[in-house]
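This report refers to the structure that appears directly beneath it.
No value in this document is a laboratory result; all are computed from the given coordinates. Remember, it's a predicted structure, so these values are computed and weren't measured experimentally. Here Cβ is always computed from backbone atoms with ideal geometry, including for glycine, and neighbour counts include all displayed protein chains.
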Amino acid sequence: MSIVKAASSRAPSSLAHRRKADPVKIASFAALLITTFLMLLPLFFMVSTSLKSKREMLKFPPTFLPESWAWSNYTEIFDTLQFGTLYKNSLIIGVLTVIGTLLSSALVAYGFARYRGRGNQLWFILLLSTMMLPYPAIMIPQFVLFSKMQWIDTFLPLVVPAFFGSAYNIFLLRQFFSTLPEELFDAGRIDGCGELRMWRTIALPLSAPALATVAIFAFIYSWNDLLTPVLYLSSSDKFTLPVGMASLTSSRFRIPPWHLLMVASVLAMVPIVTLFAIAQKQFVEGIVLTGIK
Amino acid sequence: MTVIKSESRRQTFYMYMFISPWLIGFLVFALYPILSSLYYSFTDYDIIHPPRFIGLANYTEMFDSELFWKSVTVTLKYTFISVPVQLLLALGFALLLNQTLPLRGFFRTAMYFPSMVSGVAMSLLWYWIFNPQIGLFNYMLSWFGIPGPAWLMSPDTALYALIIMSFWTAGAGMILFLAGLQGVPGSLIEAARLDGAGRLRIFVNITLPMISPVLLFQLIMGLIDSFQVFTQAFVMTQGGPNYSTWFYVYNLYTSAFKEYRAGYSSALAWVLLIVVMLFTAVIMKLSNRYVHYEGGGRR
């Protein structure tokens, strides 16, 4: 898809305009500096506050940097919140969700992209329309269904649906698979490859950026999801990170443990930022794919 | 003739083989829940005892419920401010960044960064930022000599606080717009410039039509997302103070899983579904005239 290449770094500025000190550009630069400062300030305080002592936390105005660095906040959270358990649960659910989403979405997307079967268009439109289906609209019958299956207070309701594909990711991968050249598959067929084998040995290896994007989307979604685990998980040793973190604002604390709120937020961000740092390029390419129909 | 027929059969067979996971998932996790929640919405149902048919009683109760209308007002107000402003900010940032500027990569990453903190972590951070005694927001207002309000603690400002917070993640939309902008052929813009078109003309007559599919996509997804706000209400305000952040889905969640009124909540769910479909349909219909698809073909 040519869009992917076009998106890499080109800005449509003409040669004639490049050399002059363009007042519009200077103003743009200034505007960007100010907004970036405003956007990053909360993050800066999130990190610095996570390292302040309980007393310093309550100071107003807030200090920019901690007067004394309270690294012990980062161990305290593991005692107050069973943070290790929460983290582990969220990681397990996240990884299983990624595996399920990748497998199922890649299969389904391949089916839509490669075969002009009867009803292809109709099912695909249906798939797109499920992207608009709000989860809250279906969560009650799903809850009834899963409780009949005795799945309450297990990870299954959070993980199993991922193995049946998710509309957004199927759409993204279908767009990608459609751009793969037909000749590759002809060659595969001549070599006697079966359909599933072509999927595995031709389509998948060529789709690394798209698959990486899907993996990141799936992980972030699962990692941040609050509503589903709140519905299904009832014992505290099964809680996910968002469920455990949400309890920090509950009224059982007379004064909110501000330093722990920030520590939790910083630690919750770590896997997402790591993933993004590793796969930034693929991720942006993948977003480009979904953004343009 | 038979060759063609068997080829199309083969294609159909493999298509259904490959899409079967989604087909099953669609039937079990989407279609069945949609239909059964329609049925539940006409019953008195507490999830434990079997549902009892009560006709339209849930719907009449809903339309008489003060809390229902409160949740509708809160959600619509949030949506109608937050979604358009977020879109404008995202588009504005994208336009700024779609020039050759120093530090361009840094700006792009920095603006997108907050979107990675979404969810509960973001709610906790802003819970502190909006704290009237020690938070960052009122501290920054004090630089300009403005006395800050009580934000989340006052029914007058709590919803606005959440709206302001939503602007922080405009960077996610910015990335999409930026991708769209970079798909606009430079030759088109160059040609317009040679014809003497100014920046504004170029934007209105070329850039905007070219990125209109991205705009449409984001508008619809933004609306659907903001109809479903839950995390902020659950973590930061518990729907308060005085129901000022009683979002629709928070209301639905409370009646289903705190009061165990699955029948009534299913009626709420169906109203949500219909409203989302209506909004989407109306926007798609209106956009037919304005949205430009390359090559003239429309899906």
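Modelled label positions at B:ALA192 and B:THR109, each set 7 Å beyond Cα in the direction of Cβ, lie 3.2 nm from each other.
Peptide B:166-176 is shielded by partner chain Cβ atoms: per residue, an average of 2 of them sit within 10 Å of its Cβ. What separates the Cα centres of region B:129-194 and region A:212-248 is a distance of 26 Å.
Whole-percent P(r), chain A, all Cα pairs, 10 Å bins from 0: 5, 20, 25, 23, 17, 8, 2, 0. If R0 is taken as 35 Å, the Cβ-Cβ distance between A:MET132 and A:VAL95 corresponds to a FRET efficiency of 0.80. Two tests apply to each whole DSSP H helix in chain B, Cα reach of 20 Å or more along its axis and mean Kyte-Doolittle hydropathy of at least 0.5, and the ones passing both are B:66-97, B:208-226, B:262-290. Charged side chains reduced to their Cβ positions (Lys and Arg at +1, Asp and Glu at -1) give chain A a dipole of some 640 debye around its Cα centre. Determine, from the Cβ-Cβ distance of A:ILE255 and B:TYR290 and an R0 of 35 Å, the FRET efficiency 1/(1 + (r/R0)^6), rounded to the nearest 0.05. After rounding to 0.05, the efficiency reads 0.10. In the elastic network of chain A, a GNM with C-alpha springs shorter than 10 Å, the most mobile of A:VAL266, A:VAL24, A:VAL159 is A:VAL24.
For peptide A:112-123, the mean count of partner chain Cβ atoms within 10 Å of a residue's Cβ comes to 5. Cross-link partners of A:LYS238 among aspartates and glutamates, defined as those whose alpha carbon lies under 17 angstrom from its own and excluding same-chain residues fewer than eight positions apart: A:ASP79, A:ASP153, A:ASP225. Each peptide in B:240-247, A:183-190, A:36-43 gets a packing score, the mean of other Cβ atoms within 10 Å over its residues, and the list from highest to lowest is B:240-247, A:36-43, A:183-190. Counting only Cβ charges, +1 for Lys and Arg and -1 for Asp and Glu, the dipole size of the protein assembly as shown around its Cα centre is about 1280 debye. Of the peptides A:172-179, B:176-183, B:139-146, the order by per-residue mean of other Cβ atoms within 10 Å, starting with the highest, comes out as B:176-183, A:172-179, B:139-146. Multiplying each eigenvalue of the alpha-carbon gyration tensor of the protein assembly as shown by 5 and taking the square root yields semi-axes of 37, 34, 24 Å, largest first, rounded to whole angstroms.
Modelled label positions at B:ARG201 and B:ALA281, each set 7 Å beyond Cα in the direction of Cβ, lie 4.2 nm from each other.
Of the DSSP H helices in chain A, those that are both long (alpha-carbon extent of 18 Å or more along the helix axis) and hydrophobic (Kyte-Doolittle mean at least 1.0) are A:23-49, A:83-114, A:208-224, A:258-291.
With contacts taken as Cα pairs under 8 Å and at least 6 residues apart, region B:1-88 reaches a relative contact order of 12 percent.
As an equivalent ellipsoid, region B:57-290 spans semi-axes of 37, 25, 14 angstrom, where each value is the square root of five times an eigenvalue of the C-alpha gyration tensor, largest first. Note on A:ALA27 and A:SER247: the extension gain reaches 74.8 nm, defined as 0.36 nm multiplied by sequence separation minus the Cα-Cα distance. Among the residues of B:100-107, the average count of other protein chain beta-carbon atoms within 10 Å of the residue beta-carbon is 5. Taking a ≥ b ≥ c as the square roots of the Cα gyration tensor eigenvalues, with a/c under 1.5 meaning rounded and otherwise prolate when a/b beats b/c, else oblate, which class fits region B:63-126? Oblate.
Judged by the ratio a/c of the largest to the smallest principal axis of the C-alpha gyration tensor, region B:19-107 counts as oblate, that ratio being 1.5 or greater while a/b is no larger than b/c.
Please find the FRET efficiency linking A:GLN82 to B:MET153, where r is the Cβ-Cβ separation and R0 is fixed at 30 Å, and quote it to the nearest 0.05. Here the calculated transfer efficiency is 0.55.
Take every pair of alpha-carbon atoms less than 8 Å apart whose residues are at least six positions apart; their mean separation over the length of chain A yields a relative contact order of 31 percent. Using the alpha-carbon centroid of each, what span in Å lies between region B:20-81 and region A:143-198? About 29 Å separates the Cα centre of region B:20-81 from the one of region A:143-198. Springs join every pair of Cα atoms under 10 Å in this Gaussian network model of chain B, and among B:THR75, B:THR100, B:THR169 the largest mean-square fluctuation is at B:THR100. Charges were assigned to the Cβ only: +1 to each Lys and Arg, -1 to each Asp and Glu. The resulting dipole of region B:57-290 about its Cα centre is roughly 540 debye.
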